[in-house]
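Below is one structure, written out as structure tokens; the observations come after it.
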Amino acid sequence: MNQGRPVWIAEGASRRGSSHERTGAPNQDAYAVERVGACVVAAVADGHGGRRYVRSQVGSRLAVRLSMELGAELLSVRRPDASSAAHSLPGRLVPAWRAAVDEHYALHPLTAEEVEKAGDGPLDPAILYGATLIVAFAAGDVVAVAQIGDGSALGAAPQRVEHLVPGDDRLVANETTSLCLPTALADFRWGTAYFGDGSAILLSTDGYGNSFASEGWEDEVMADLVNELGAHGFEEVAGALDSWAADSAAVGGDDVTLVLLSRLPESPRRRRSAWLATGALAALAVTTATAVGLAARGATPDPRETPIMVATTPTGTSPTSSTASTASTPTGLPTTGVPATSAGATPTPSGAGTTKTKSTTSKATTTKATTTKAPGTRSTGTPTTTAPPVQSSLPSPPSPTTKPKGARS
């Protein structure tokens, strides 16, 4: 039991972009979430779409898998610290990811088609698997995030929206940092914030943000999410993630992956039950101690000698549950899913980023066919008025090389 501790939950969804469906390219995004006691670790990764990144979908899967393994280990302590976990992760993950890439490359030599796509000349195997990564840790009232590359990590509560990780001035036009670069460890950024019950944390690959016409889509989307969570609850909102990802993937053309985290409020009934149970056990302890004292001493014990019962939290960690998804199929939810978290202090970035071609697709107005209102507005020109949600029955390293992420059209 995690009596007295807030509980975090998370869910995610991923869809292949319409441009990838037309060309037959796989979904190069991946995500995973894992529950560790009352805490959560969550990750989203985006494999690069350029021709030479012929195994970026494998690189993104390796990144989220290792994030779950190492993240769960960092949170499996008596007093989980989300911020410490987020800052410790990159130093362990970057070498682990490169080792996993080397192992996969050794076991699976390039096919003739992959050699043709990757091009001639010497090539660092890691380049073939290039991907960005966002990992969030949630424990207590703290959300901490470690991020390399593009994508978004956003947090919101009523009347409050914030970017959880500082920006990177190098991520302009078609440039991004990446796990495949020699400067990967120095290129990570961190952030830490505090959130209470009913808050919304959203991790997303860049395909989601690129599907919006408005530059300020973050404020609208996160305000909508907080309202939807309050009106419908986490389960129903999480159930709509897949349709939202599908709409964005169809409009923007790129793969879209979303992971939503929220902290469950402790119900008054549960608090009352816990209080009554503690009171009853305390009364029993006092009665028993009094009886023993009378039998042993023949008199009523002094009040200062009466044992006082103190409620304690078990020191063991609850069984870990997890789900992961690479969303490699063009339709439907990813084969498996998982829960999530977010994180603060940034090293001085160095080096240039990697090239990625942004979408030139116009954003047409779309309507979400779900019981909850889709967050944000995707349109050109004057935004349309969104109807109220339908109420349901539920309440200085070397300079890196540039690398295209692929056209989104």
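Alpha-carbon geometry of the range 98-138: the Rg and the Dmax are 13.2, 44 Å, given in that order. Largest first, the three principal axis extents of the alpha carbons in the range 85-196 are 55, 30, 22 Å in whole numbers. For the range 1-103, applying the loop criterion from DSSP together with a ceiling of 10 other beta carbons within 10 Å to the trypsin sites (Lys or Arg not before Pro) yields Arg78. Count charges around Gly71 for me, please; just the other residues with Cβ under 13 Å from its Cβ, Lys/Arg as +1, Asp/Glu as -1. With Lys, Arg at +1 and Asp, Glu at -1, the neighbours total -1.
In plain terms, the residue of Tyr208, Tyr194 with the fewest other Cβ atoms within 10 Å comes first and the most crowded comes last, giving Tyr194, Tyr208.
Per-residue packing, averaged as other Cβ atoms within 10 Å, sorts the ranges 123-134, 220-231 into the order 123-134, 220-231, beginning with the highest.
Computed extension length for Leu110-Glu73: 10.0 nm, one decimal, from 0.36 nm per residue of separation with the Cα-Cα distance subtracted.
Values quoted throughout were computed directly from the atomic coordinates according to the rules given, and no laboratory measurement underlies them. All figures in this text were calculated on a predicted structure; none of them were measured in a lab. Reconstructed Cβ throughout: ideal geometry from the backbone, glycine too, with neighbour counts over all protein chains shown.
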